[in-house]
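In what follows, a single structure is set out as structure tokens and then discussed.
The values are calculated or read from the model by the stated rules, or taken from the named source; none is laboratory data. The structure presented is a predicted model; accordingly, all values stated were derived computationally and were not measured. Here the Cβ positions follow ideal geometry from the backbone for every residue, glycine too, while neighbour counts run over all protein chains shown.
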């Protein structure tokens, strides 16, 4: 049986970052940069005032205090957005607003709270040493500086930085289109009522949401009955997708047609992966389209999507973070039995006094959809004998940023 | 000066969860449930097989082993999606596939790996005690069980659980529409080139992205010059929004028109909040529309949005998680000076051997957009003297799930 790492390596070898396209920064949230974003500009672009106050020559403020104010002549006003026409001469001060360019001749700003103004006289109640309240060009970003490296997903802060330095539009990889097909005679779609013996299909709603969260665009193919011709027809609709995800039909049962179809098409890999949940996973090329066959059990489908499908999507997006962050946590609450396959245990994370603790979401059988709910991490329990006890350290894959409801 | 908590309480008192609407589970990702989702069904709905194998009466397998197999008559097949027509009688076995309803009369399933079949004879190589490989009705969800409480944001797992139990469409609160306006003569919009003294506007791209991440719909109003008539005209466009966010114009400068406009309109609250960055924050009602006036400095705008704007949006969404999760972390790297206002310090989180550590993103002045980049937490440094040193514990607000690029 393959390890998860071996199976994933084989999957990932079939994926490359997709074509590069330009998108407006207004549409760039969650997209992944295809090239290093480098600033051609300094930020700030020019010396400007950090405060509302008076621009002056530092030497003119020497010795100023509330008891012995220095007096300067008010020579004009430097507002934000305009360059002051003129020069601050010895003995002069110019009214300046936050963000306004520092007028020529001035080398300091005294904030207005430390001044008094009467007519065209400005009284300085304190010294303003050279550089006081001035933001220098390039303090935030120097020209040529790397703003955001290729492979980083653009969040609000990255978008702000690119906008502030004029890196617009952004060069990103195209979003993958991921086709999703559930298979099985027993399944009824959203909004229909199951007949006796049938069940409500929940894997494709799950996968469509998870694919969206991963940064791709889901394409819903619905449900295929357990008949080879129906499966083939549905999958033919999906040939233009960047990835096909199926659920069900990859075990060893008599109706497990996905693996048969993949075998027909030549380039097939059908694996039993040494993991729990989710042992059977199929992967292969359906013509030119990669197909990842996930198990039908909801929890197995979710965990195998996490371990194989999401990394494929992140690779197509050109992300540096193909895998979920793995961090060390301390187990709390119930022991976890080890076994002969690596076990991915759904868990809640919390922090107690700086220590990251994890607690399982309860019973972990692979048909218990409720075990996924609210989970913020997958604990990785390696093969072995006995149990992992409370207090022991474990690696955890971070699934998202929410803490459990109870926290 | 108000504390952050006092100012936030005043803001939140103006917001209620918005109207309830039904959305398809296909469109429900990220929406917040308006009512408890309660299951009317059991999950599984019927007893079914956890394995491919043979359904039988447990008593018929008593004593079976590889050396002394018990022999049963193969009486038919129970496939997934169909109810077996008939009953398993003493001495009989029925072929059964994973997920198929357990036929009447049977009370156990022996997996096929522990059987041998020849013609219509099934040889049992092991015992199958009562209940073996059977999933009982309601094991995952009992009828009447609370699936997902009101106020929870729907992720893939919650969507799967609602789909599996037929809670479709989902009842959620309407998404808030949030108008975003930048103010200032010095600003040029995305795609234009600043003249000398002008700067590229980055607050509205930031806020639009952050508003989207918070679960609301941004409405971009562009930039208003520092003229009362222009500001009034732009804001009139936004009267139908659920919230107006402005940036700039709320300080004490001569051109800080947002606060003047709010004062005109009657119900105004203009505060200096005891925090860094972001001291000046304005809040008031523009007619019936709440307006939150954020400072113009990019970092101040970002942090005040986090502390006041995002909670207002989460309250309109009906979320139980109005605030970011706060967890305890241990400071690493550079000391952080305390001061006379609470300081929100941008930081990266990591886990070292189960301990959550935080490291600042570098220089923290409020015009340094680069200090926001990649930040995964805001450290909360309370008022005081001296510094917070490496090794000390601090509360941190979790901003998202990404680890720093370097991790």
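There is no residue in segment B:194-202 that is part of a loop (DSSP other than H, G, I, E, B) and more than 11 Å from chain A (Cβ to nearest Cβ). Among all positions in segment A:346-361, there is at least one residue which is under 26 Å from residue B:142 (Cβ atoms), under 28 Å from the mean Cα position of the chain (by Cα), modelled with pLDDT of 85 or more and assigned to a loop (DSSP other than H, G, I, E, B).
Based on this model, can you work out whether residue B:152 counts as in contact with a strand residue (DSSP E or B) (Cβ under 9 Å, 6 or more places away or on another chain) and modelled with pLDDT of 95 or more? Answer is no for this residue.
Within segment A:14-27, is even one residue under 26 Å from residue A:165 (Cα atoms) and either modelled with pLDDT under 95 or more than 35 Å from the chain's Cα centre (by Cα) (or both)? Checked segment A:14-27: no residue is under 26 Å from residue A:165 (Cα atoms) and either modelled with pLDDT under 95 or more than 35 Å from the chain's Cα centre (by Cα) (or both).
If only residues of segment A:184-193 that are within 7 Å of chain B (Cβ to nearest Cβ) and without any contact (Cβ under 8 Å) to a residue 60 or more places away in the chain are counted, the one that is nearest to residue B:79 (Cα to Cα) is A:186. Quick one: is residue A:86 surrounded by fewer than 22 Cβ atoms within 10 Å (Cβ to Cβ) and not assigned by TED's automatic domain parsing to the domain that holds residue A:33? So residue A:86 fits the description; yes.
Filtering B:157, B:179 for residues that are assigned to a helix (DSSP H, G or I) and crowded, with 18+ Cβ neighbours inside 10 Å leaves a single hit, B:157.
Going by the conditions given, is residue A:386 surrounded by 13 or more Cβ atoms within 10 Å (Cβ to Cβ) and on the phi > 0 side of the Ramachandran plot? So residue A:386 fails the test. Selection of segment A:77-116 for residues being modelled with pLDDT under 95 and over 48 Å from the mean Cα position of the chain (by Cα) yields only A:86. Highlighted here are the strands (runs of 3 or more DSSP E) found entirely within segment B:258-339 that include at least 1 residues which are modelled with pLDDT under 90: B:268-272, B:280-286, B:326-331.
Residues that are at pLDDT 95 or above and within 14 Å of chain B (Cβ to nearest Cβ) were ranked within segment A:173-183; the one that is farthest from the chain's Cα centre (by Cα) is A:182. Taking segment B:323-346 as the range and being away from every other protein chain (no Cβ under 13 Å) and surrounded by 17 or more Cβ atoms within 10 Å (Cβ to Cβ) as the test, the residues that pass are B:336, B:341, B:342, B:343, B:344, B:345.
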